[in-house]
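The values are calculated or read from the model by the stated rules, or taken from the named source; none is laboratory data. These numbers were taken from a predicted model, which means no experiment stands behind them. Here the Cβ positions follow ideal geometry from the backbone for every residue, glycine too, while neighbour counts run over all protein chains shown. Accessible surface is based on the protein model in full, side chains and every heavy atom, while ligands, DNA and RNA are left aside. Shrake-Rupley method; radii C 1.70, N 1.55, O 1.52, S 1.80 Å.
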Amino acid sequence: MSEPVMRRTQSGEAMKFLRAPAFRFHSPLAKVLSLCSVLSVLSFAAAPLQAQSATDSATDYSIESPKAVSALLLDIAHAGKRLVAVGDRGHILYSDDNGKVWTQAKVPTRQMLTAVFFVDDKHGWAVGHDAQILASEDGGATWVQQFSDLEREEGAPFLDVWFKDQNTGFVVGAYGALFATTDGGKTWEDVSDRMDNPDGYHLNAIAEVKDSGLFAVGEMGSMFRSTDWGQTWETIKGPYEGSLFGVLGTNQPGTLLAYGLRGNLFRSSDFGSTWQPITVKSARGSLEFGLSGGALLKDGSLVVVGHGGSVLKSTDNGLTFSLINRPDRLSLAGVTADDNGNLILVGQGGVHVSSLTGAELGQPDLGQK
């Protein structure tokens with residue numbers, strides 16, 4: 001099978017370089033095991049924090065590499081018709097041809113980036129290690145650093161980001177971090193105390209639930225919901241005491257999925273008040289691979305991905321799922337769909353293009369040069 005092409009943004013020799021994340025990983029999925037490497041609880045200041053466009057030292061931009069398209073990527077999103085993916089070493093890639101050719105963006109960090117979110121075809125945010133928040137106003141081609149906190153213990157990461165519009169957004173991360181902005185990221189305020197999270201459980205994901213509000217999940221099965229779009233939060237008694245790595249709203253009001261370790265997948269139709277376990281069968285029995293990323297596609301179907309090349313798809317708002325374990329068994333961290341009805345998967349090995357079920361395409365023309 002052909003592989004996606006990496007287009008250089010400027011001429012020059014490909015450079016060999018070492019990993020630069022603040023701490024090492026025993027897993028290819030930062031959202032799964034990055035938090036296991038953090039050593040102690042942080043405390044957060046209550047005052048608003050001014051956004052920073054640069055650190056005190058000279059900015060270290062992500063190094064351009066033709067291999068970035070096949071390196072570890074952790075999330076992918078649409079900026080209009082453009083695809084934008086983020087991952088290790090500060091890599092941000094974008095594609096304007098449904099994933100055939102990818103261009104590496106200019107990014108002011110070499111730290112691992114864990115999540116990306118766009119509110120329209122121009123305005124987007126990415127988050128990652130060193131409590132970094134990056135912003136783009138040109139669809140992901142160039143980025144500026146809005147915020148970074150190098151004092152956070154061991155470079156504790158932000159792990160997910162969600163924006164309501166160009167002004168209002170939230171970031172979640174290690175040790176119960178919840179940060180908010182109402183001015184598009186010019187200033188960020190630590191609002192972690194809005195959640196009753198005395199043990200500082202890591203928050204791994206945040207998502208919108210249709211006609212209901214926001215929902216966040218994290219370590220030790222922790223769950224929080226907000227009916228006023230992040231101003232106040234209620235702690236929810238969840239169905240599971242292990243870590244949850246993702247939350248996903250469906251096309252139905254109040255209906256969402258939460259998923260995490262060992263294939264645990266749960267569905268709620270009442271904004272988290274009650275939960276039903278969803279059992280997904282594999283050839284060897286129930287699915288036991290960890291689940292780490294998901295997406296609601298334009299056609300209303302849901303796709304959840306994870307370790308072992310697991311790709312789960314639902315066409316009934318999460319009541320049932322089909323399962324494919326891709327033959328390469330590479331772990332997957334994020335997913336979306338292109339305009340041709342194919343899935344764009346990211347994770348180990350970078351970008352993968354598959355059919356809507358997650359199966360390998362026959363011999364796609366991915367523009368290899």
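Some observations on this one:
- Meets criteria (open to solvent by less than 20 Å² (accessible area, probe 1.4 Å), of a type in the set (Gly, Ala, Ser) and modelled with pLDDT of 95 or more) for GLY99: no
- Checking SER65 against (1) hydroxyl-bearing (Ser, Thr, Tyr); (2) within 18 Å of SER354 (Cβ to Cβ); (3) open to solvent by less than 50 Å² (accessible area, probe 1.4 Å), the condition it does not meet: (2)
- The residues listed here are GLY218, GLY230, GLY238; of these, the one that is open to solvent by less than 60 Å² (accessible area, probe 1.4 Å) and touching a His at 6+ places or on another chain (Cβ under 6 Å) is GLY218.
- Out of LEU296, LEU287, LEU257, one residue alone is open to solvent by less than 70 Å² (accessible area, probe 1.4 Å), modelled with pLDDT under 95 and closer than 20 Å to ILE324 by Cα. It is LEU287.
- Breaking point among (1) surrounded by 23 or more Cβ atoms within 10 Å (Cβ to Cβ); (2) farther than 21 Å from LEU287 by Cα; (3) among the β-branched types (Val, Ile, Thr), for VAL247: (2)
- Contacts under 8 angstrom Cβ, first residue in the range 129-141 being farther than 20 Å from SER95 by Cβ, partner among the acidic types (Asp, Glu), 6 or more apart: ASP130/ASP149; ALA131/ASP149
- Here LEU297, LEU332, LEU323, LEU291 are screened, and the one residue that is touching a Phe, Trp or Tyr at 6+ places or on another chain (Cβ under 8 Å) and among the hydrophobic types (A, V, I, L, M, F, W, C) is LEU291.
- Conditions (1) modelled with pLDDT of 95 or more; (2) surrounded by fewer than 20 Cβ atoms within 10 Å (Cβ to Cβ); (3) aliphatic (A, V, I, L, M): number failed by LEU302: (2)
- Taking the criterion of being surrounded by fewer than 22 Cβ atoms within 10 Å (Cβ to Cβ), at positive phi and touching a residue at least 40 places away in the same chain (Cβ under 8 Å), the only residue of the range 305-323 that qualifies is ASN317.
- Members of the range 114-151 that are assigned to a loop (DSSP other than H, G, I, E, B), of a type outside the set (Gly, Ala, Ser) and open to solvent by less than 10 Å² (accessible area, probe 1.4 Å): HIS129
- Cβ-Cβ contacts under 8 Å between residues 6 or more apart (or on different chains), taken from a first residue in the range 340-361 that is touching a residue at least 60 places away in the same chain (Cβ under 8 Å) and more than 17 Å from LEU312 (Cβ to Cβ) to a second residue that is surrounded by 15 or more Cβ atoms within 10 Å (Cβ to Cβ) and hydroxyl-bearing (Ser, Thr, Tyr), are listed as GLN348/SER331; GLY349/SER70; GLY350/SER70; VAL351/SER70; LEU361/SER354; LEU361/SER355.
- If the condition is being of a type outside the set (D, E, K, R), farther than 21 Å from LEU356 by Cα and open to solvent by less than 30 Å² (accessible area, probe 1.4 Å), then the range 262-284 contributes PHE266, SER268, PHE271, GLY272.
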